[in-house]
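Q: Below you'll find the structure I mean.
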Amino acid sequence: MEGVRQLRVHMSGGNGNGGGDKPFKLVSEFQPTGDQPQAIDLITRSVEMGNRYQTLLGVTGSGKTFTMANVISRVQRPTLIISHNKTLAAQLYSEFKRFFPENAVEYFISYYDYYQPEAYVPATDTYIEKDSAVNDDLERLRIAAASALLSRRDVIVIASVSCIYGSSSPEDFNEMMIPLKVGDKMRRDEFLEKMVRTLYKRNDVELVRGNFRVRGDTVDVFPADRETAIRISFFDDEIESIRDLDPVTGRAGARFTKYDLYPSNQYVTPQEKLEPAMEKIRAEMEEQVAKFEREGKLLEAQRIKMRTENDLEMLRETGFCYGIENYSMHISGRTPEQRPWCLIDFFPKDFLVFIDESHVTLPQIYGMSHGDRSRKERLVEFGFRLPSAVENRPLKPEEFDEIAKQIVFVSATPAAFELQNSAVVAEQIIRPTGLLDPTMEVRPIKGQIEDAIRESLAAIERGERVLVTTLTKRMSEDVAEFMRERGMRTEYLHSDIDAIERVEILRRLRQGNFDVLIGVNLLREGLDIPEASLVIILDADKEGFLRSETSIIQTAGRAARHENGRVILYADVMTKSLQRAIAVSQIRREQQIAFNQEHGIVPRGVRRSVQESLLPPREEGDGISELVAAESGDVETVITELEEEMLAAADNLEFEKAALLRDQIALLKKAKSPIPEKKYPEPARKKTRKSKSR
């Protein structure tokens, strides 16, 4: 790694893609308020003292992201922020781009839109080939993150857990980088050879990312980490000029004095390392073939020999092969005892890690290494892969702990590990809006439904919404039906309802089309309903995942965006989870009330516009035919429009919206003939019970 650190010192920008060592500059019209200043100071001092772990315990709506940004601005270190899913990572990426417009804020998640791993099912003798669809924009962002980390220090990378999966080594990635500088001696053909070795493809017809075209002494390249291309002009074996290039119009733009051209693929390998790697792959193949033959497994012996020789031929001719990641141990030159390289290796030694929603993200990180081992061992056993393929894996828990030297856990409900191991726990209890944690009241289970109805009707009279949580899907349907029979406008929400309908139900609740939403695990829906003032938790004393301390606090937080927020828990036994959740809420309320009184703050509810429907406008009616006929009268036109909107959403990193639009397109295609049964329920619809809901 010493070579990588030296490279960072010398790559100081110019007019190309090097950024130098700019300081982190936080840009915001707001100043830290409430207990944000205290949390920022506490976390910053702890990090600067060299403490391994620290926790930011911030309630919902307290501005934890702004606190994280302030800590980064204070400590001035390259930072990795890990989130447990792509949607939240995209939201964080958008926020940090606004906070640090002059610095490098990068996005690193899995680059697959679709991924089917390679697998073998012995019971049916079924081999499932790896199938995937790579998102070019996500691949660009991943390569941009790696290149930024190697060329500057002012870098913040927002990543999913995919950042602990294997990739090329930083040294190899740097070694394959092509430094270009105006006036340097370099023949055009020499440059073309280097580009082919770094896996760029020649395409003189269409200039797309990862390709180049040649026109005389001019070479146009579309770098893998950019949204625009560059044009390199040669004269007498010398680089005459480097210019920005619009790949669509072909118009040349700004001039660069130098430019560092990074490889088009993260798995690129120098030729001098590839040759010995291929020898090791062949030796392992021969050893495995001999093993199978000794065991009388002739089919497996023939299978592994044919597959491996085909891959070796591709590696020899092109430097790449399909499934190259399965040979990562040999290509990187490591042994089975050594961990794989990953994105974290691209960071300098003094980098800082934030683990967002740590109570969910940390178990993901620690559990990934065991997830695919059995699948790969089966592929090895039946001759589809060499034994070394098992070493293409994410980091083990102890390996992650070894390279993540300083971590800040961020969560409203940190787990015991975070709290017990942190040198400091900075509590962020005060919300900028002055809102309090909702009141929590425990009532007996007997007559809980009747009592819940009375409380719901009182909230509805005030124009507020109600959320009710049950323990089973069947119960959510039954309670919804019972309330409808009482004349209440009620809907239920659980995993049997498709993604499009879930979003529509939530949108209609906010619009006031109905008043009470009943579900099993409303947290999973990413529920954010500012109009909801009352949360009702049925059977709150049934200990388990849905009634743990963490789940109760998180569920109660759904009412924390309303000035009249209340939570009613029905229980006959005061479980430890209930006792702790109520105690935590009471302590927080007392702190929030005291702060508001001291500073003369009047709590104000969160006001946010209702999201527009993802569905085409429709008239009164039952079936999905209205979705097709309402605006355009033509199915193909509607599908085309939705596909364009889906691609636009993906380009804007709105992946959740893009996924919902994709699902809707599939429904519309199915709806051409025959028209399916009703998919989008009206508030007073009758319950339809499915056997699997039991």
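Q: State, to one decimal in nm, how far the label point of THR228 lies from the label point of ARG202, with both points 7 Å from Cα in the Cβ direction.
A: 2.7
Q: Let a ≥ b ≥ c be the square roots of the eigenvalues of the Cα gyration tensor of the stretch 287-411; is it rounded (a/c under 1.5), or, if not, prolate (a/b larger than b/c) or oblate?
A: It is prolate, given that a/c is not under 1.5 and a/b is the larger ratio.
Q: So who's got an amide H within less than 5 Å of the one on VAL468, skipping anything under 5 residues away but keeping other chains? H placed 1.01 Å off N, in plane.
A: LEU517, ILE518, GLY519, ILE536
Q: So, for the stretch 539-597, what is the accessible surface per residue at a probe of 1.4 Å, expressed in square angstrom?
A: With all protein chains present, the stretch 539-597 gives 44 Å² per residue.
Q: Ok, one more. Take each of the peptides 548-556, 290-298, average the number of other beta-carbon atoms within 10 Å over its residues, and list them starting from the highest.
A: 548-556, 290-298
Q: Oh, and also: Among the listed pairs LYS25/LYS258; LYS273/LYS396; LYS22/LYS194; LYS473/LYS576; LYS201/LYS349, which are separated by more than 28 Å between their Cα atoms?
A: Result: LYS22/LYS194; LYS201/LYS349 exceed 28 Å.
Q: Please work out the FRET efficiency for the pair LYS181 and ASN310, using the Cβ-Cβ distance as r and a Förster radius of 45 Å; give the result to the nearest 0.05.
A: Using R0 = 45 Å, I get an efficiency of 0.65.
Q: For the stretch 128-205, what does the alpha-carbon gyration tensor say about shape, rounded, prolate or oblate, given a ≥ b ≥ c as the root eigenvalues, a/c under 1.5 as rounded, and a/b over b/c as prolate?
A: It comes out oblate by the Cα gyration axes.
Q: Starting from the Cα of GLU644, step 7 Å along the direction of its Cβ; do the same at GLN591; then give the gap between the two resulting points in nm.
A: Between GLU644 and GLN591, the label points sit 5.1 nm apart.
Q: Expected output is a single nm value to one decimal: the length gained when fully extending between GLN579 and ASP41, i.e. 0.36 nm times separation in residues minus the C-alpha distance. What is it?
A: Going from the current span to full extension adds 190.5 nm.
Q: Another question, then. Assuming a ≥ b ≥ c are the square roots of the Cα gyration tensor eigenvalues, decide whether the stretch 435-547 counts as rounded (a/c under 1.5), prolate (otherwise, with a/b larger than b/c) or oblate.
A: Rounded, because the longest to shortest axis ratio a/c is under 1.5.
Q: Separate question: Would you calculate the separation in nanometres between label points at THR124 and PHE545, each defined as 7 Å from the Cα along the Cα-to-beta-carbon direction?
A: Reported label-point gap for THR124 and PHE545 is 2.6 nm.
Q: While we're on this one: For the stretch 383-491, what does the equivalent ellipsoid look like in terms of its semi-axes, each the square root of 5 times an eigenvalue of the Cα gyration tensor, given largest first in whole Å?
A: Semi-axis lengths for the stretch 383-491 are 46, 26, 13 Å.
Q: May I ask you to list the aspartates and glutamates whose Cα is less than 15 Å away from that of LYS64, ignoring any residue fewer than eight positions away on the same chain?
A: ASP35, ASP41, GLU95, ASP356, GLU357, GLU427
Q: Taking H placed 1.01 Å from N in the peptide plane, check which residues at least 5 places from GLU238 or on another chain put their amide H under 5 Å from its amide H.
A: MET186
The values are calculated or read from the model by the stated rules, or taken from the named source; none is laboratory data. No experiment lies behind these values; they were computed from the predicted model shown. Cβ: placed from backbone, ideal geometry, glycine included. Neighbour counts: every protein chain shown. Remember, those area values only see protein heavy atoms, side chains included, never the ligands or the DNA or RNA. Shrake-Rupley method; radii C 1.70, N 1.55, O 1.52, S 1.80 Å.
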